[in-house]
Amino acid sequence: MKKLFPFIFLLVAINSFCQKKQVLYGFADLPQNLLLNPGSEANYKFHIGVPLFSGISSELGLTGFSLKEVFAKDNRPINTKVSEVLNKLSIRDHIKFNFQIEILNAGFRFDDKNYFSFGFYQEIDGISYFPKDPIKLLTDGNGSFLNKSFDFSQIQYKLDAFGVLHFGVSREVNEKLTVGSRLKIYSSALNVESSNNTGTFTTINGANNIYAHYLDNIDLNFKTSGLVANNEYINKPGTYLGNTFFGSNLGLGIDLGFTYKQSKQLVFTGSIIDLGFIKHKKNIKNSTIKGNYVFEGIEFGYNSTNSVNYWEELDKDFKEKVPSGDNQDAYVSWRPTKINGSVKYSFGEKRSKYCYDDRYKDFYKNAVGLQLYSEFRPLGPQLALTGFLEKSFSEKLHAKVTYTIDDYSLYNIGAGISAQIGKINFYGMVDNIAQYGDIAAANNISFQLGINVIFN
């Protein structure tokens, strides 16, 4: 447990980032759309993002409770509030985040049909399900919970820090269909995870003592990569940053996507993002605990000629029946795959905009649509449904408003704007606007912003 809860605390304390980006998806023909759907249209000759500023996004998602419920100044003991929160949590409640910052994002038109894009970004991705039973056992003890089995399978968390070098192509098959793919090389700087645990702890009335304690089918694993080297924790930030670019723990991934124009006004899109894995084989430290144990207390006896160290005997017996240890076995960590799908209907005043190679493409001042997002996580997919309204004030100025229903909120209102001055494009998005007046009560807060140079 000592190895687990520092990481849970880290997940709760860090200001964090995510990749859902429902305001950004499919909006205003931005180059960043190619990272969410490699089959997006790219109606320009080439682009380059301002290094470190072309794509910055931030989101924290929390289910089951809000920070305000624990830290509100209401003159109630914090232990009481923590206990109330624990009582209402379910095994599916979690905290999730993802940090992504673009170091380089660029692309160029190869010919009339193909647009190539490439770049490098760094990402931190984490999720922790709240282990309700283990936390309750640690905070309240077992004295008031006779015959209750505390379930250790609730311990599930994962934290990744890595870099991604990528290259993609968006190809216009015909006037109706555009398809795309993106190859990714992952370089892991840090992985900390635990999953597929089993075991229970149960206290009952004992036959030979007041209580009997049972550890049944205990099988716990705690995997780390990049955290420990030569039996010492790595505490130099530069080491982690260096390992995000072709470090020793590498992986491969692929993105796929399409855009299909049923008509000039009705458009369908879809994408699969981060279908990939990372192989961890260096700076590994894995810990395991496995076995069964029954404890009914210590029967003390007096022997003047041969004293017994009862605690030493108990510790020895426990380690024999519930062995634990460390190893450096390589393992594979799968990326959480994301799926996007949308339908958009454009209407209103029809205009034309100049694109590459002396082409003109039609666009409409207004559009409405729906987007479905799914992200695969250990306890099943996390879904979000977004309705949106887009408004083009001119060829260079666009706005978008969204309404999202997901695990975190039933009334998530977001907004975004994209403006281009000459060749310079600025964009910014905020999410869950209704909660900005009381962030501590929010279960989900985010923003995205960036600057690109786009040549039409």
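The values are calculated or read from the model by the stated rules, or taken from the named source; none is laboratory data. Since the structure is predicted, the reported quantities are computational estimates derived from the model, not experimental observations. Here Cβ is always computed from backbone atoms with ideal geometry, including for glycine, and neighbour counts include all displayed protein chains. Each accessible area value is taken on the protein alone, full model and side chains, heavy atoms only, with ligands, DNA and RNA left out. Shrake-Rupley method; radii C 1.70, N 1.55, O 1.52, S 1.80 Å.
Search segment 369-406 for residues being among the small types (Gly, Ala, Ser) and under 30 Å from residue 197 (Cβ atoms), and hand back the single one that is modelled with the lowest pLDDT. Across segment 369-406, the extreme among qualifying residues is 380. Figure legend. Inter-residue proximity from segment 317-336: first residues touching a residue at least 40 places away in the same chain (Cβ under 8 Å) and open to solvent by less than 90 Å² (accessible area, probe 1.4 Å), second residues part of a strand (DSSP E or B) and aromatic (Phe, Trp, Tyr), beta-carbon distance below 9 Å, spacing 6+ or different chains. Indicated pairs: 322/293; 332/277; 333/277; 335/186; 335/277; 336/376. Select from segment 392-412 the residues that are assigned to a strand (DSSP E or B) and either open to solvent by 70 Å² or more (accessible area, probe 1.4 Å) or closer than 15 Å to residue 370 by Cβ (or both) and list them in ascending order. Selection gives 400, 401, 402, 403, 404, 405, 406, 412.
From the list 222, 245, the lone residue that is under 30 Å from residue 147 (Cβ atoms) and within 23 Å of the chain's Cα centre (by Cα) is 222.
Checking the structure you have, find out if any residue of segment 128-145 is part of a strand (DSSP E or B), of a type outside the set (S, T, N, Q), surrounded by 20 or more Cβ atoms within 10 Å (Cβ to Cβ) and in contact with a Ser or Thr (Cβ under 8 Å, 6 or more places away or on another chain). The answer is no; no qualifying residue exists. With a requirement of 2 or more residues that are in contact with a strand residue (DSSP E or B) (Cβ under 7 Å, 6 or more places away or on another chain), open to solvent by 60 Å² or more (accessible area, probe 1.4 Å) and within 26 Å of residue 329 (Cβ to Cβ), the strands (runs of 3 or more DSSP E) lying completely within segment 168-270 that satisfy it span 211-225, 249-261.
Every residue in segment 86-127 that is open to solvent by 10 Å² or more (accessible area, probe 1.4 Å), closer than 28 Å to residue 66 by Cα and either without any contact (Cβ under 8 Å) to a residue 24 or more places away in the chain or among the small types (Gly, Ala, Ser) (or both), please. Result: 87, 90. Across segment 413-456, the qualifying residues are those that are open to solvent by 40 Å² or more (accessible area, probe 1.4 Å) and of a type in the set (Val, Ile, Thr), and the one among them that is modelled with the lowest pLDDT is 439.
No other residue among 187, 181, 153 is under 30 Å from residue 263 (Cα atoms) and either at pLDDT below 95 or not aliphatic (A, V, I, L, M) (or both) apart from 181. Of all residues in segment 221-239, none are closer than 20 Å to residue 156 by Cβ and among the acidic types (Asp, Glu).
Would you be able to tell me the number of residues in segment 59-84 that are crowded, with 18+ Cβ neighbours inside 10 Å and not in a strand (DSSP E or B)?
4
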